[in-house]
Amino acid sequence: MKHLLSAGDLTRDQTIALLDLAEDMSDVNDREIKKLPTLRGKTVVNLFFEDSTRTRISFELAAKRLSADVINFAAKGSSVSKGESLKDTAQTLEAMGADAIVLRHSASGSAHRLAHTDWVQSAVINAGDGSHEHPTQALLDAMTIRQGVSKSPRGKDLAGVRVLIVGDISHSRVARSNLLLLKTLGAEVHVCGPATLAPRSLADANQVHFLLDDAIEKVKPNVVMMLRVQQERMTASFFPTEREYSRIWGLNKSRLAKLDQDTLILHPGPMNRGLEIDAASADSKNSMVLDQVRNGVSIRMAVLFTLLSGGAN
Ligand code: CP
């Protein structure tokens with residue numbers, strides 16, 4: 001594996017190998033000295049053209065825990081403001097010795113473009129490209145679900161696990177990558193949202209729902225993944241008001257009470273508390289939000305190690 005661009009590029013075996021390796025990495029993260037020498041001498045560039053808290057910091061931490069050097073590039077304050085292109089920026093950073101480029105960009109397809117032209121020779125990791133994909137988010141979500149269901153008789157196997165993804169599906173790279181990866185792992189994935197934001201083309205027709213109460217009743221989900229309403233990507237009015245959105249598609253205390261007591265609540269963050277999720281749900285015992293963040297470091301260690309050491313072919 002040279003790059004990680006899409007969750008759909010991963011086979012089941014490659015996915016399981018990455019999830020198992022991430023569990024080993026999480027043992028390292030629990031040690032007093034959280035460091036391995038494995039990527040000493042390698043350089044990882046975080047090339048971020050869009051804002052990020054979780055993804056950028058966890059890639060930085062992951063690279064440092066594997067003893068790689070890290071360069072953090074944020075478009076704000078760089079020569080991008082003088083008009084420098086993605087190609088020139090990436091080539092400039094590679095000329096300084098990058099072995100891996102972790103790219104977040106508002107343009108869908110930007111990571112593919114960087115990887116599949118002769119612009120750079122580095123390994124390219126897609127850290128979110130527009131509304132298209134966010135494969136490491138899907139991997140950390142799968143790791144979190146595996147941990148959450150591992151005490152049930154099914155163990156770590158996600159085959160047949162019912163996942164309900166709720167909200168702004170259309171603009172969500174998290175939803176797209178999760179649909180691909182969870183399908184590879186055999187999970188039953190349903191989506192729910194306003195008809196304007198939950199296109200039937202994304203999933204099988206019987207797995208698209210338009211009302212959250214109905215979806216909870218029909219699907220009986222083991223996992224509810226709430227998505228952020230991405231106002232910044234909306235060019236039109238997709239729902240009447242925030243209050244209406246919250247009333248019909250928001251996860252709140254009364255809907256939480258309708259879920260099975262073991263149902264896992266996921267949200268990729270950042271959360272719009274009071275819009276797609278209320279505080280009672282976000283802070284409930286079912287909430288895996290901080291587990292997702294913690295697992296993000298381990299997953300990114302596994303991905304960097306695999307790409308830069310030539311593993312999981
Ligand atoms: N989940 C996620 O991608 O969060 P950030 O935008 O903070 O990186």
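Bear in mind these aren't lab numbers, they're just calculated from the coordinates by the rules spelled out. Fair warning: this is a prediction, and the values are worked out from it, not measured in the lab. Every residue, glycine among them, receives a Cβ derived from its backbone with ideal geometry; neighbour counts consider all protein chains shown.
Points to keep in mind about this one:
- Distance between the pseudo-spin-label points of residue 34 and residue 78 (7 Å out from Cα toward the beta carbon): 2.5 nm.
- Length-normalised contact order of the chain in % [C-alpha pairs under 8 Å, at least 6 apart]: 22
- Point-charge dipole on Cβ atoms (K/R +1, D/E -1) for segment 133-288, about Cα centre, debye to 20: 260
- Each 10 Å bin from zero holds the following percent of Cα-Cα pairs in segment 1-91: 14, 35, 37, 13, 2.
- The calculated FRET efficiency for residue 243 paired with residue 283, based on their beta-carbon distance and R0 = 25 Å, is about 0.70.
- Under 5 Å, built H, 5+ apart or other chain: amide partners of residue 4: 124, 125, 126
- Rounded to the nearest 20 debye, the dipole size of the chain about its Cα centre is 260 debye, using +1 on the Cβ of Lys and Arg and -1 on the Cβ of Asp and Glu.
- Amide N of segment 116-133 lying under 14 Å from the label point, which is placed 7 angstrom from the Cα of residue 85 along Cα→Cβ: 117-120
- Debye, to nearest 20: dipole size of segment 1-132, +1 on Lys, Arg Cβ, -1 on Asp, Glu Cβ: 300
- Put the Cα centre of segment 234-313 next to the Cα centre of segment 1-47 and the gap is 22 Å.
- Normalised per residue, the volume of the convex hull around the Cα set of segment 91-172 (Å³): 121
- Note, ³J(HN,Hα) from phi for segment 185-195, Karplus 6.51, -1.76, 1.60, rounded to Hz, x at Gly and Pro: 8, x, 6, 9, 10, 10, 10, 9, x, x, 4
- With all projection directions averaged, the alpha carbon convex hull of segment 133-288 covers 8.3 nm².
- Residue of 31, 162, 294 that the Gaussian network model of the chain assigns the largest fluctuation, springs spanning Cα pairs under 10 Å: 31
- Rh (Kirkwood; distinct C-alpha pairs) - the chain, Å: 19.9
- GNM top mover of 165, 248, 125 - the chain, alpha-carbon springs below 10 Å: 248
- Extension gain for residue 69-residue 154 works out to 26.6 nm (0.36 nm per residue, less the C-alpha to C-alpha distance).
- Candidates 95, 74, 215, ranked by Gaussian network fluctuation over the chain, Cα under 10 Å, top entry: 95
- Taking label points 7 Å from Cα along the Cα-to-Cβ direction, residue 162 and residue 211 give a separation of 1.8 nm.
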